[in-house]
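Scroll down for the structure; my scribbles are underneath it.
Read-outs: derived from the displayed coordinates by stated rules, not from any lab. Source: prediction; values computed, not measured. FYI the Cβ positions are ideal-geometry reconstructions off the backbone, even for glycines, and counts take in every protein chain you see.
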Amino acid sequence: MRLLTHNMLSSNIKGVTNGFPLRIEVEKVVEKSVDFNPDFLKNMFAKIEYKALVEASRIMGYAELPDHAEPSMLESDDFLRKFHHALMELHLEEGTLVCPETGRRFPVNKGVPNMLLHEDEV
Amino acid sequence: MSYRIAQIRLVNSHPEVYDPCDDSFALVDALLADRTNLLEHRPIFCLEIGCGSGYVITSLALLLGGDVCGSYFIATDINPHALDVTSDTLKAHGVHAELVNTDVAAGLEGRLMGLVDVMVVNPPYVPTPEEEVGCDGITSAWAGGENGRSVIDKILPIADRLLSDKGWLYMVTLTANDPSDICLQMKKKGYAARIVLQRSTEEESLHVIKFWRDPNSKLEANEAKVLNHGTAIGSFISQFSQVSLWKS
C-alpha cells in the first residue's frame, strides 16, 4: 500500500466522526521505484492531506519531507522528488492501520489493507 | 489495430475467485471500444469495484498506459482471495494497482469523494435468494439478490459520491437487472447514459452502460416524475437504440 492510498483511506465505523488519518503501525516497509511524473504530482498535491502524508512518511522511516508545503514548492524539482518518493515509492507491506477515534485496528497484509467492518460496526 | 489488454494465460486463478468470463470480456471490450475517449479523458483516479481475478483492472491499466500515464489505479474486492489473485495478475502484466479488501468502497468513500474519474464495475448481477448476497468466497462474485439488483442498487449511490465532476462509470448489467430502470435511477441523480456494448450469449444478454454527469438529465427526470407520464420516461429510454433487446 502506497502512502497516497493511505491518504485516501479513513475509518468509517458507525458513529466515527473523525476517522482520518489512520495511524500506521509498521511491521515491514518496502520501497519500489516508480516513474517520476511531475504533472501527476502537481495534480495530486491539491487532492491529498499533506500533513497526514508527512506524518505517515516519517513513521515509515522517511524524514525528508518539510513540515509544511505550499503550491509554489511544486516548482522545485528537489521537493517534487521527495514528494514523489513519499507518495508513490514507500509501501506498507505488513502492518496495521489504527482508527484515530476508536483504536480499531485494520490489518495490512501483503500490501493490502483490510477495511472490512464487522456487522455491529456498519 | 489491436491494443494491449490482459492476457488470459497470465491471469491467475483460485477456486474461490471468479475467472474471467463473458461479462468480464464484455466490460474490457467496452473499454477498448471507448479507448480513444478514455485516453483523451486523462483520468487521475481510476477505481474498480469487485476486481475478482484482476482481468479488468489490469486491462484498464494497460489500456491507459500504466503508471507513466499519470493515472492511479485502485481496486477493491470483498473476497481476500480475489486480491491475491489480482495482485498476481497485475504483476504478470507489469502494471500496478492499489488493492483494498473491502465491501464496495468502504473506507475510501470519505477521502476519495468526488475524485474518481473512471469507475468500472462488473457487479454480482445474477438473480439469487437475498441471503446469498455478500456470502464468503466466490458466491459474492455473482449473487445479486432479487432481480440481481441488491448489490447494484448499493453501488449506484456510492458511485455518485465518488465520481468527479467529469467522472465516468462503466457498469455491466444483465437484462434481468432492468437496465432501463438503472439508467432512470442514475438519471434522477443527474447522469446521462449510453450503451457502450451489447452482447447476447447462450445464457444471458449483457449490456455495458457508461454513465456521466449531465445537468439536463436530472431536470428531465424530475419533469418526468412530476408529469408521471409514461411517454416522458419512454422518450428517455428510447435514446438507446438497443432498447427492444432489453425486453427480449
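Distances over 24 Å make up what percent of all Cα-Cα pairs in segment A:3-121?
28
When only alpha carbons are used to place a centre, segment A:16-31 and segment A:35-80 end up 17 Å from one another. For chain B, a simple Cβ point-charge model (Lys and Arg +1, Asp and Glu -1, everything else neutral) yields a dipole of about 1020 debye relative to the Cα centre. Computed over chain B with a Gaussian network model linking Cα atoms closer than 10 Å, the most mobile of B:L112, B:L174, B:L62 is B:L112.
Among A:F83, A:F40, A:F20, the largest mean-square fluctuation in a Gaussian network model of chain A, built with springs joining Cα atoms closer than 10 Å, belongs to A:F40. Scaled against 2.2 N^0.38 Å for its residue count N, the alpha carbon radius of gyration of the protein assembly as shown is 0.99. The distance separating the Cα centre of segment B:192-211 from that of segment B:33-72 comes to 19 Å. In degrees between 0 and 90, to the nearest 10, how far off the longest principal axis of chain B does helix B:80-93 point, with axes built from Cα atoms? Helix B:80-93 sits roughly 70 degrees off the main axis of chain B.
Once both labels are positioned 7 Å from their Cα atoms along Cα-to-Cβ, the gap between B:Q7 and A:K42 label points is 3.7 nm. Across segment B:7-16, coupling constants 3J(HN,Hα) worked out from phi with the 6.51/-1.76/1.60 Karplus curve, θ = phi - 60°, read 9, 4, 5, 9, 8, 6, 9, 7, x, 9 Hz, and Gly and Pro carry x.
Once both labels are positioned 7 Å from their Cα atoms along Cα-to-Cβ, the gap between A:R105 and A:N18 label points is 2.4 nm.
Helix B:179-188 and the long axis of chain B differ in direction by around 80°, with both axes built from C-alpha atoms. The value of relative contact order for chain B, using C-alpha pairs under 8 Å at least six residues apart, is 17 percent.
Taken along its three principal axes, the alpha carbon spread of segment B:8-246 comes to 53, 40, 33 Å, from the longest extent down to the shortest. For the protein assembly as shown, the mean residue ellipticity at 222 nm estimated from helices alone is -9500 deg cm²/dmol, where every DSSP H run of n ≥ 4 contributes -39500 (n - 2.57) and the total is divided by all residues, rounded to the nearest 500.
Legend: distances between Cα atoms for B:K188/B:K210; A:K47/A:K82; A:K28/A:K51; A:K14/B:K166; pairs beyond 20 Å are A:K28/A:K51; A:K14/B:K166.
Computed from label points 7 Å out along Cα-Cβ, the spacing between B:S200 and A:E121 is 4.7 nm. Legend: mean number of C-beta atoms from other chains within 10 angstrom of residue C-beta atoms, peptide B:92-102, equals 5.
Let me spell out the model: positive unit charges on the Cβ of Lys and Arg, negative unit charges on the Cβ of Asp and Glu, origin at the Cα centre of the protein assembly as shown. What dipole size does that give, in debye rounded to 20? It comes to approximately 880 debye.
Considering only A:A46, A:A86, A:A63, the mean-square fluctuation computed in a Gaussian network model of chain A, springs between alpha carbons under 10 angstrom, is largest for A:A46. Computed from Cα atoms, the angle from the helix B:22-33 axis to the main principal axis of chain B rounds to 80 degrees.
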